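Accompanying notes for the structure given below.
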Amino acid sequence: MTAQLGSDVEGRTLASGRVKEAFLAYGFLLPSALVFAAFFFYPLGRLVWFSLNRQDRFGRGLTYEGFGQWGDVLSSTDFLDGLKHTLLFVLYTVPLGLVLGVLLAVAANRKIRGIKFFHTVFSSTIATSVAVASVVFVVLINPKVGYLADTWVAQFFDLSDPDAALRGVALSSVWQNLGLTFIIVLAGLQAVPEELMEAAKLDGYNSVQRFFRITLPLISPTLMFLVVVLVVFGFQAFAQVELLTNGTPAGRTETLVFKIFTDSQDPAKLGPSSVMALGLFVLTVVVSAFQFIILSRRVHYGN
Amino acid sequence: METELFAASVGAVGLGFGAVVLAFLGVALPVAMATDAWDRKDAPSERRTPVIAIGAVLTLVGAIAAINEFWLATDNRWAVGFIASAITATVGLAYLATRQQLVGGVEPSSNAQILSRLGTYAFLCLLSLLILFPVWMTFIRALSGPRAYIDAGQPLRWIEPEWDVFSRAWSQADFSGRTLLSVAVTSVITVGQVLTSVLAAYAFAFLRFPFKRVIFALFMATLMLPIEVTLVPNILFVRDLGWLNSIQGLTVPFLATALGTFLIRQGFMGIPRDLLDASQLDGYGHASFLFRVAAPLTRPVIASFTVISFLGAWNQYLWPRAITTEGDWNTIQIALRSFVTSNPEALNLGVAGAILAAIPILVLLLVDRKSVV
């Protein structure tokens, strides 16, 4: 009888303990949840709603347009140009940045005197923001005041040439991301076991063979991770465009985010720019899903 | 005539560039020498100290030589500076490339090894220029008057240096106010993100509650919703709240982040559950377990997330650009814009401002190399 009562009381305290724990958990999650609800999910919902509507140029009243607006915007030259410039920007920044980052990391991955100094130098561009790096490249390649503006190299990234301007903008991003790329690749290289390289050396592999047959496969998860990070950075390019070209010449450097930003100042473009933002969202989701697949595979690899 | 002119200009540019490279090597190699000896804490100090001292003296000599070459560039002094730079560079390189174990243990090297090491250092120096040449140009552009620099034909050295440009940028161009605002915004965001992330991470790692998986998935989904995507509705929402040009507008949307929650949760999951059970037997509640056990144990993770959070907040551009219309609410990153896009006469102040904007992170990088690198 007493024993039964005891277990009953115990059961009840256990249950109330569970409830308490759940309340505590929700309390701990509340601050984050509020921010996520107000500034992530609520705006996403509104974005979808805006994308189906049209607003007049005084910002009064929404008229329902339906999914037809999606088709109209997604096939408009405005969106396709923005998409093209964004993808080209990614194409100009990611491979070059990756190759240079690997070059720096391989060159600096040695146990020799004074190498710490070179590590510090190579990682130093991590101290620059996109805006700061853009100022650095205004100094270098701005057509009016840039140091390189009048030299023969300038033709490859002349900010006043419609065909080359985007490459100039991309160049500043490549430089700005070098520090981060270097740090991550170097960490990957340092995780490659030394015995493996010694064994390969004994097997008569020369340094080029060792790099392509052993190092590169072993650091490929790191490189894939970096590709995703750099691609996402590329999708989000804005400050470098605004500071270096402000979309000129002839709109040839207007990326998607640049268009979304400029359209945000025109109430009549609310609907179309929301469709563009959703397009950007889809791109981001695809790349993030890719990243998730890589990360989960990487965990298995470690096991 | 024209070809002669061309040859002369190529020659001048080549010479100028050679001067920059030499001056750079004359400083960089002694610095590498001194820092190398500095870092070898395991070696006996009677071997380290002289190397550090010699490296420091050579660095100083190299720096003076460089200033000589670029600042007081009269014909004779060019030559003197060149020779001094060449000497400091050679000594630095000789130290670096000869015996690897001079400090702590001796290991003689063959000539072939020394030669290949010389090649390695040459290559490393070349790559350093890739990073540092733009930095150098930025630096001299900040120091030179914009008009004077262009009139002088855009040389590789500063023209009529105005050393007070940084103090003028700080006070006249109001980078002091911009820095203050950036510091305030960054502090609020960093502290806020760390707190909300630690709390949420604790709930996911140690507490049982209904809908845990669903809520976790929703949290992680926010990683796919960068501000670039939700920009326009967020601007409208913040405007409706009356938060344009305000500290709330600049910070509140960033007070939580799934990245922090995820990283710190990973750290918490490394803590054995037995520890929680034991602490509860001792009468600890969850709050005291979190702050006295879990958080201290995951300090490295929390520290590196703090750095990530700080970098992100300090470097923000799009959002502060979108919701501030008054100059008084421009962060330091946004303030750079007006100098670059609309005011060529004050370009040097803007460039100096860009250097000021990079300094806090540069200091963080040098002081706390481990958590950034």
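The values are calculated or read from the model by the stated rules, or taken from the named source; none is laboratory data. In this text the structure is predicted, and so the values were computed from the model without any measurement. Note that each Cβ is placed from the backbone with ideal geometry, even for glycine, and that neighbours are counted across all protein chains shown.
The table that follows gives values for the structure above.
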quantity: Those residues of the stretch B:252-272 which are surrounded by fewer than 19 Cβ atoms within 10 Å (Cβ to Cβ), farther than 30 Å from B:Val238 by Cβ and touching a residue at least 12 places away in the same chain (Cβ under 8 Å), in sequence order; calculated: B:Gln266, B:Met269, B:Gly270, B:Ile271
quantity: Residue within the stretch A:14-30 that is assigned to a helix (DSSP H, G or I), closer than 19 Å to A:Asp266 by Cβ and modelled with pLDDT of 85 or more present; calculated: no
quantity: Residues that are surrounded by fewer than 17 Cβ atoms within 10 Å (Cβ to Cβ) and closer than 15 Å to A:Thr128 by Cβ, drawn from the stretch B:313-367; calculated: B:Ile359, B:Leu362, B:Val363, B:Leu366
quantity: Residue pairs meeting the criteria (Cβ under 6 Å; at least 6 apart or on separate chains; first within 7 Å of another protein chain (Cβ to nearest Cβ), in the stretch A:32-43; second surrounded by fewer than 23 Cβ atoms within 10 Å (Cβ to Cβ) and outside any helix (DSSP H, G or I)); calculated: A:Val35/B:Leu255; A:Phe40/B:Leu225
quantity: Flag for B:Val229 being within 36 Å of the chain's Cα centre (by Cα) and β-branched (Val, Ile, Thr); calculated: yes
quantity: Matching residues, the stretch B:156-175, being surrounded by fewer than 15 Cβ atoms within 10 Å (Cβ to Cβ) and free of Cβ contacts under 8 Å to residues at least 40 places away in the same chain; calculated: B:Glu160, B:Trp163, B:Asp164, B:Ser167, B:Ser171
quantity: Filter result for the condition that a residue is part of a helix (DSSP H, G or I), in contact (Cβ under 8 Å) with a residue 60 or more places away in the chain, over 25 Å from A:Gly101 (Cβ atoms) and more than 24 Å from the chain's Cα centre (by Cα), over B:Arg141, B:Arg147; calculated: B:Arg147
quantity: Selection from the stretch A:85-108 of residues that are surrounded by fewer than 23 Cβ atoms within 10 Å (Cβ to Cβ) and within 11 Å of chain B (Cβ to nearest Cβ); calculated: A:Leu100, A:Leu103, A:Val106, A:Ala107
quantity: Hey, B:Gln172 more than 9 Å from chain A (Cβ to nearest Cβ) and farther than 30 Å from A:Ala107 by Cα or not; calculated: yes
quantity: Residue within the stretch A:133-153 that is under 21 Å from the mean Cα position of the chain (by Cα), under 24 Å from B:Gly119 (Cβ atoms) and either assigned to a loop (DSSP other than H, G, I, E, B) or within 9 Å of chain B (Cβ to nearest Cβ) (or both) present; calculated: no
quantity: Which listed residue, of B:Ser246, B:Ser167, B:Ser197, is of a type in the set (S, T, N, Q) and either more than 30 Å from the chain's Cα centre (by Cα) or under 30 Å from B:Pro296 (Cβ atoms) (or both); calculated: B:Ser197
quantity: Criterion: free of Cβ contacts under 8 Å to residues at least 60 places away in the same chain and more than 14 Å from chain B (Cβ to nearest Cβ) - qualifying residue of A:Leu218, A:Leu223; calculated: A:Leu218
quantity: Residue list for the stretch B:178-216, filter: away from every other protein chain (no Cβ under 12 Å), surrounded by fewer than 18 Cβ atoms within 10 Å (Cβ to Cβ) and either in contact with a strand residue (DSSP E or B) (Cβ under 9 Å, 6 or more places away or on another chain) or not β-branched (Val, Ile, Thr) (or both); calculated: B:Leu180, B:Ala184, B:Ser187, B:Arg213
quantity: Hits in the stretch A:143-185 (condition: among the small types (Gly, Ala, Ser) and either surrounded by 17 or more Cβ atoms within 10 Å (Cβ to Cβ) or under 28 Å from A:Val102 (Cβ atoms) (or both)); calculated: A:Gly146, A:Ala149, A:Ala154, A:Ala164, A:Ala165, A:Gly168, A:Ala170, A:Ser172, A:Ser173, A:Gly179
quantity: Pick from the stretch A:109-126, criterion over 22 Å from A:Leu223 (Cα atoms) and outside any loop (DSSP other than H, G, I, E, B), ranking: farthest from the other protein chains (Cβ to nearest Cβ); calculated: A:Ile115
quantity: Unique residue being in contact with a Phe, Trp or Tyr (Cβ under 6 Å, 6 or more places away or on another chain) and at negative phi when the list is B:Ala352, B:Ala357; calculated: B:Ala352
quantity: Residues of the stretch B:91-108 satisfying the condition of being exposed (fewer than 14 other Cβ atoms within 10 Å of the Cβ) and modelled with pLDDT of 60 or more; calculated: B:Ala94
quantity: Counted residues, the stretch B:217-236 - those being under 20 Å from A:Gln236 (Cβ atoms), in a helix (DSSP H, G or I) and facing another protein chain (nearest Cβ under 7 Å); calculated: 8
quantity: Elements of type helices (runs of 4 or more DSSP H) in the stretch B:274-373, at least 2 residues being small (Gly, Ala, Ser); calculated: B:286-289, B:299-315, B:332-342, B:347-367
